[in-house]
Each structure stands twice: as structure tokens, then as C-alpha cells.
């Protein structure tokens, strides 16, 4: 395989590019934005803080081989993310834990509830809110409904623009309930942040003689689909093409637009050295914004003042200057995506992946794992031809 075309310089596209380049393939990466690193892009703001332009990211995984891969291109520091939520003027860690119960319940009732939870879920550290809602114990169910009504439901309505009952259960299961006082957001063995930056990681990842990156290029102005073949400026393409953008846009919305959510960030600076208790805090009772990320704490940065971003979720519209962030996973959207996926599967040299290409709410390690698998698939196909 002499050449390959990759559309998108985020994690999925960059990892596949590196894998193929190391096997001798010449890679052209086309990126619509004016920078590499996708939604992991970070930079120094005017106050000297390292901030993430598209919202907070940390790398976490249970898998050593994924962590080892990341270590090839950057040095990492241990970082255990803590998050929180505020409602009725009270702060609680998230995932919700025994501190949550102590905060919102009288002591005697709190002790009783904690004991019931440990009896109902013996030997377990966590459970999903769906599981807890289905428990037969009335006090446990009351607690789950309290959390659901005050956090899960209003946050889901704002973040996703739909009712909680419409969203795929996997989304609600992303933030479990803890049966302890542990305040860590993740349980993964490896939880890290880059010593330098995520952008530095990408610069090293893409630093290969076989990789050329072209920024500010809208590939869909040149790429078209003709039956089960791809054309570039009218000429047929035979080399592998990796596409990491919205799959519905690739097929010109043939089956309608897939639903994505986007974000608007309001960037602020405070002379205070801390503006909230955790790096990321959700505010489910606020009318418009969902959460605030204080970048001074992500990772810890020792300097005066604090830079932070307020997140406002908005609908994604591909015809406007708005970035798609999250696929909105519902039964209807999954069925719609499956139709697009079948179209993609009929084109032998097309490989879609990433959050937008696969229409999946990947964590970073999941996106990395998927990219490594796609690279293997491309290489194995080439060996068979």
C-alpha cells in the first residue's frame, strides 16, 4: 500500500496515520480546522493557563497496551479527576457517593440508607442509576428518584435536548452511584494527564516522514461517492480513505441528518485562586449552562488567578459555524446510523471511525482502541489483495 488518505487530524485519524506510516504508507491528512488534535486541542491562554478549547479531557484506561501506546508520544503524570454537582446551593461529589447522602439526608436516615445500599448491592463498589431506580427497597428507590429528578433529568434535558426516557441507557450509565466515600470520577488503573500538553502529544504522533498534514481543508468539497466507489475531484480513488467526520454528511444526508449536540463556551478569568471545589462541576438547576471547567485544576497549575469555561449545550447544524461534539444516541438515531453504516460498508476502500464516523459516544481510550483496530483492518486487507 503506497498511499492512504485520512480525513480528520483528531485522535482516530492521527493514530491510524501513524500506524500506516510506520508500515511504509505515505499519508495525507486533511483537517477542516486550522489545527491538529481534534477536540483534544489545548493551548496557553492570555493568562498563561493551559486550557482545552473544546472541553475537558483526561486519559484513563484499564488497558496497559493502550496506556503504553500513549507513552510512546508523550510523558504523563498521574491525575485522578474529581467532579461535582451543585443544586439547592449544596455541593456534592460526582459520581454520587456516601457524601451525597450525608449532605442531603438527616444523619439517622443517611446511615440507614447507606446500610441498605450495601445490603442491596453486596460486594459492589458502584451501580448505575437505572439499577438503583429498579430496586425494591422504598428508601433506596426514593434516593435514586431524588438524584434523578435533581440531576440526571435536568442535566440530560439540557445536555442532549431530549427527555431522559428517550436517551440510550448507556448514556445514563456513564456516571454510576458509589457505595463509599471515594470521590474519584473513574476507577481505571491508568488515569493521567500529559506533562506537556495534548497538542504536544499529537505533534509527536504525527511527526513522521511519511505523514503530511494539510490544515483548513474541507475534504467533502473534493470527495464524492459514486455507487460503491470514491471520487476525488472527479477521479476514482483506489487507495484507502479513512473518514472521521459525521457519517451522514459524507453521504449528503441521504437518510436525513443524524442528531449531534454541540457546545458554546464562555471563557472567563478570575483573580481568585479557586472558583469551585472541583475541576469540573455540573449545575443542573441553572437554566442554560451545564457545567463549569476550571482549567487551573486540570491539571494542577500553580499561578495566580484562575481561567475557566462555562459550557452551554446547543443543537448542531452542519450549515453553520458550529462543531459537532456528541452523537445523540436514541433508538431512532441508532436505526438511522445503521442505514448509513451499510452504505459505508459497501465501499471497500472506505473506513469510517471516531465518535462522528462511528456515531458512538467513545471515551478517549475507546477511540484509541478502535483506531488501532481499523489500522490493523486496513493493513490486513492490503495484504490480502
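Yes or no: the range 4-20 includes at least one residue that is assigned to a strand (DSSP E or B), out of contact with any helix residue (DSSP H, G or I) (no Cβ under 7 Å at 6 or more places or on another chain) and at negative phi.
Looking through the range 4-20, at least one residue is assigned to a strand (DSSP E or B), out of contact with any helix residue (DSSP H, G or I) (no Cβ under 7 Å at 6 or more places or on another chain) and at negative phi.
Among the residues of the range 43-58, what is the count of those that are surrounded by 19 or more Cβ atoms within 10 Å (Cβ to Cβ) and assigned to a strand (DSSP E or B)?
Number of matching residues: 3.
Is there a residue in the range 187-198 that is touching a residue at least 12 places away in the same chain (Cβ under 8 Å), exposed (fewer than 12 other Cβ atoms within 10 Å of the Cβ) and under 29 Å from the mean Cα position of the chain (by Cα)?
yes
Do we have any residue at all in the range 84-105 that's closer than 23 Å to residue 194 by Cα and modelled with pLDDT of 95 or more?
Yes - at least one qualifying residue is present in the range 84-105.
Just give me the residues in the range 38-62 being over 19 Å from residue 311 (Cβ atoms) and within 21 Å of the chain's Cα centre (by Cα), in sequence order.
Selection gives 59, 60, 61, 62.
Could you tell me whether residue 316 is surrounded by 15 or more Cβ atoms within 10 Å (Cβ to Cβ), modelled with pLDDT under 95 and within 20 Å of the chain's Cα centre (by Cα)?
Judged against the criteria, residue 316 is a match.
Does the range 59-117 hold any residues that are assigned to a strand (DSSP E or B) and without any contact (Cβ under 8 Å) to a residue 40 or more places away in the chain, and which are they?
90, 92
Quick test for you: out of 278, 287, pick the one residue that is within 25 Å of the chain's Cα centre (by Cα), outside the structural domain of residue 162 (by TED's automatic domain parsing), part of a loop (DSSP other than H, G, I, E, B) and surrounded by 16 or more Cβ atoms within 10 Å (Cβ to Cβ).
Result: 278 is the single residue among 278, 287 that is within 25 Å of the chain's Cα centre (by Cα), outside the structural domain of residue 162 (by TED's automatic domain parsing), part of a loop (DSSP other than H, G, I, E, B) and surrounded by 16 or more Cβ atoms within 10 Å (Cβ to Cβ).
Limited to the range 147-180, what total is found for residues that are over 20 Å from residue 316 (Cα atoms) and surrounded by 15 or more Cβ atoms within 10 Å (Cβ to Cβ)?
12
Please verify whether the range 297-305 includes one or more residues that are outside the structural domain of residue 221 (by TED's automatic domain parsing) and buried (at least 22 other Cβ atoms within 10 Å of the Cβ).
yes
Of everything in the range 118-127 that's in contact (Cβ under 8 Å) with a residue 12 or more places away in the chain and in a helix (DSSP H, G or I), which residue is surrounded by the fewest Cβ atoms within 10 Å (Cβ to Cβ)?
Restricting to residues being in contact (Cβ under 8 Å) with a residue 12 or more places away in the chain and in a helix (DSSP H, G or I), the top hit is 118.
The values are calculated or read from the model by the stated rules, or taken from the named source; none is laboratory data. All figures in this text were calculated on a predicted structure; none of them were measured in a lab. Heads up, the Cβs are rebuilt from the backbone with ideal geometry, glycines too, and the neighbour counts pull from every protein chain shown.
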